[in-house]
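Undergrad: The structure that follows is given in the form of structure tokens.
The values are calculated or read from the model by the stated rules, or taken from the named source; none is laboratory data. Note that this is a predicted model, so its numbers are computed, not measured. A quick note on method: Cβ atoms are made from the backbone with ideal geometry, for glycine too, and the neighbour counts reach across all protein chains shown.
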Amino acid sequence: MHDTPAPTPTPAAANPRIPQATPARRPFSPRALRSLALTLPVLLLVACASSPGGPGASAASLSDDPFDTREVTLTIFGLSCPLCATNIDAVLAEVPGVTRVSVDMSTGKAIVWLDGKTPVTPRQLARAVDRSGFTLQSIDTP
């Protein structure tokens, strides 16, 4: 019996019937990703700030009589992103007498808790909403 050596496997590159793998390609270069990371927050801020104002209560038409409750619900037009919610939260929290703010983007409502000692008026809250770039639609108290 005569031993014949087993055929040596041919590399895939030498065999035209085997499809060749292409080198992996990154969809974005690191430079493009950095640029996107810097540009995206600016675009969101501009988009949120340029939301068209809807019908709402102007600060001039609201009362200067302080609230007689510790919780107020504001309905705000134009809340569409987390950055918007954070912005309005911070501006409302700066109003003297406001102890806590909770913003719900899905409903467009902000619940504002008051300390009960410092008088807070509807006009003050409306001005804060206006300063943050949004339109106050209504103020509700329990």
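Undergrad: In this structure, is Asp64 charged (D, E, K, R) and either modelled with pLDDT of 90 or more or surrounded by 13 or more Cβ atoms within 10 Å (Cβ to Cβ) (or both)?
TA: Details: charged (D, E, K, R): yes; either modelled with pLDDT of 90 or more or surrounded by 13 or more Cβ atoms within 10 Å (Cβ to Cβ) (or both): no.
Considered against the rule, which asks whether it is charged (D, E, K, R) and either modelled with pLDDT of 90 or more or surrounded by 13 or more Cβ atoms within 10 Å (Cβ to Cβ) (or both), Asp64 comes out as no.
Undergrad: Out of the stretch 69-95, which residues are under 16 Å from Gln124 (Cβ atoms) and either touching an Asp or Glu at 6+ places or on another chain (Cβ under 9 Å) or touching a residue at least 60 places away in the same chain (Cβ under 8 Å) (or both)?
TA: Listed by number, the residues that qualify are Thr69, Arg70, Glu71, Val72, Thr73, Leu74, Ile76.
Undergrad: May I ask you to say which residue of Val112, Val103 is touching a helix residue (DSSP H, G or I) at 6+ places or on another chain (Cβ under 9 Å), at pLDDT 95 or above, among the aliphatic types (A, V, I, L, M) and not in a helix (DSSP H, G or I)? Let's see the steps before the verdict.
TA: Values: Val103 fails: at pLDDT 95 or above.
On inspection, the qualifying residue turns out to be Val112.
Undergrad: Which residue pairs have Cβ atoms under 8 Å apart, sit 6 or more places apart or on different chains, and have a first residue in the stretch 105-120 that is at positive phi and a second that is in a loop (DSSP other than H, G, I, E, B) and surrounded by fewer than 18 Cβ atoms within 10 Å (Cβ to Cβ)?
TA: Listed pairs, sorted by first residue: Gly116/Arg70.
Undergrad: Here's something else I'd like to know. Given the conditions (1) buried (at least 17 other Cβ atoms within 10 Å of the Cβ); (2) among the small types (Gly, Ala, Ser); (3) modelled with pLDDT under 85, report the number of the one that Gly53 does not fulfil.
TA: In the conditions (1) buried (at least 17 other Cβ atoms within 10 Å of the Cβ); (2) among the small types (Gly, Ala, Ser); (3) modelled with pLDDT under 85, Gly53 misses (1) alone.
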